[in-house]
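Report on one structure; see the data block that follows.
The numbers here are math on the coordinates, done by the rules we state, and not lab data. This structure is a prediction, so every number in the text was calculated from the model and none was measured. A quick note on method: Cβ atoms are made from the backbone with ideal geometry, for glycine too, and the neighbour counts reach across all protein chains shown.
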Amino acid sequence: MKKLLKHISPLAPDDSGACSVLYEMGGITVICDAGGCAGNVCGFDEPRWFLKRSALFSAGLRDMDAILGRDELLVKKLALITEQVDARFTAIVGTPVPAVIATDMKALERMSEKKTGLPCLAFRTDGTRLYDYGEEMAYYRLFERFAQDKLPVKKGKLGVLGVTPLNTGKTVSTAFREALLAQGWDEVVCFGMDSGLDEVVRAGECEKLLVVAPSGIKTAELLTQRFGTPYEAGYPSGSGLNMPSDDAVKATCGLRGSRVLILHQQFFANALREKYETLAGCKVDVASFFMMHDEYRREDDIHLTEEYELTDLAENGGYDIIVADEFFKRALGKFSGKLFPRPHFAVSGKIL
């Protein structure tokens, strides 16, 4: 049976990813649901909910509202919110409910803009895809709609895409900014974390972009096309960034040449692989249930789609070491090597 999970819980879905990108942008976000999906976002997939305020609401659809598709009621509620909350834009995030009844999200977008007078972004997320799909969609729509043209480039300014709790396990951008400032940048902006819509508007000022998770690549390509801003994919090393120290990596591999499997989001896993290969002489493969771009993928890297594929890989892949979120332990079957935990918030909800 496809998508059957016997040992791990469901991974963070696309609606959570979209909400994560939007969380600090200064808009009003409405999750188009009856209350359950909003509870999952706020209770499990968004750790900033307990630290930073955000105008995030559930549409609170009743059974007949959902069945009959009463879009005008949702728009009316949204208009009432805009009278009480100062916001730059509104966003409507889809869930399984509007997906099942085929809600016209573009129509909702137009209706909302006409009623509220604010820009509206409606996302065709449906809760069946993973969080990075929702992040990619939210990043792209935000920058496509709000990034301003013809701004002078500020030498020494770096823009960072992909810094969300779901990708990094962080609720503030301090560790990223400190690590990148130490590399010689004068100003570092982590879009969507400790920064809002104003930084999106001024994205054209960046001398360069760093993409720390695959969900940011499509937007980086958009900004390169519009502004000529170069970008690179990578994940910085530094204190508090979930990256083990050099000594820890050497201690992990008792014998040089150990076979290692790293299971995480692709760009973090690639950066960690480089450490294991350089410092410990290991043969390292990367696997992920999440988005993997071919340009940053080696021949033996594995994109997983089913839980049983992970079990088979762990049991028969010949690996001495697996580096992964500890939550995956139950899906490793008869794997006899060592598991070294490396948290991934979208998997276990464990923050750093």
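Structural remarks
- Charge sum, other residues only, whose C-beta stays under 10 Å from His7's C-beta, Lys/Arg counted +1 and Asp/Glu -1: +2
- Highest to lowest packing among 40-49, 131-140, scored as the average C-beta count within 10 Å: 131-140, 40-49
- Residues of region 229-245 with amide N under 13 Å of a point placed 7 Å along Cα→Cβ from Thr278: 235-238, 244-245
- Using 0.36 nm per residue and subtracting the Cα-Cα separation, the extra length available between Val100 and Ser239 on full extension is 45.6 nm.
- Over 18 Å (Cα to Cα) - which of Lys250/Lys338; Lys114/Lys218; Lys77/Lys115 fall in this group: Lys114/Lys218
- A Förster distance of 30 Å, applied to the separation of the beta-carbon atoms of Glu144 and Lys3, puts the FRET efficiency at 0.45.
- Ordering Ser195, Pro214, Gly184 by Cα displacement along the dipole of region 183-222 toward the positive end leaves Pro214 in first place; charges were set at the Cβ atoms of Lys, Arg (+1) and Asp, Glu (-1).
- Extending 7 Å from Cα along the Cβ direction at Arg62 and again at Asp86 yields two label points whose distance is 3.5 nm.
- Neighbour-count order for Ile28, Ile302, fewest beta carbons within 10 angstrom listed first: Ile302, Ile28
- Lys, Arg +1 and Asp, Glu -1 on Cβ, resulting dipole of region 147-233 about Cα centre, debye, nearest 20: 120
- Given +1 at the Cβ of Lys and Arg, -1 at the Cβ of Asp and Glu and no other charges, the dipole of region 246-343 around its Cα centre is 460 debye to the nearest 20.
- Note on Arg129 and Lys208: with the Förster distance fixed at 35 Å, the Cβ-Cβ geometry gives a FRET efficiency of about 0.70.
- Ordering of 166-177, 321-332 by packing [mean C-beta count within 10 Å, highest first]: 166-177, 321-332
- Folded to 0 to 90 degrees: helix 266-280 orientation relative to the chain principal axis, Cα: 20
- In a reduced charge model with +1 at each Lys and Arg Cβ and -1 at each Asp and Glu Cβ, the chain shows a dipole moment near 320 debye about its Cα centre.
- Helix 131-146 vs. the chain, principal-axis angle (Cα, 0 to 90°, nearest 10): 50
- Applying a DSSP loop filter and a limit of 13 other Cβ atoms within 10 Å to the trypsin sites (Lys or Arg not before Pro) in region 192-245 leaves nothing.
- Relative contact order of region 133-274, taken over Cα pairs closer than 8 Å and 6 or more residues apart, is 29 percent.
- Length-normalised contact order of region 246-343 in % [C-alpha pairs under 8 Å, at least 6 apart]: 27
- Inter-probe distance in nm under a simple model that places probes 7 Å from Cα toward Cβ, at Glu306 and Leu151: 4.7
- Using alpha-carbon coordinates, inclination of helix 217-227 to the longest axis of the chain, degrees: 60
- Label point 7 Å beyond Cα of Arg256 along Cβ direction - residues of region 311-332 with amide nitrogen under 20 Å: 320-321
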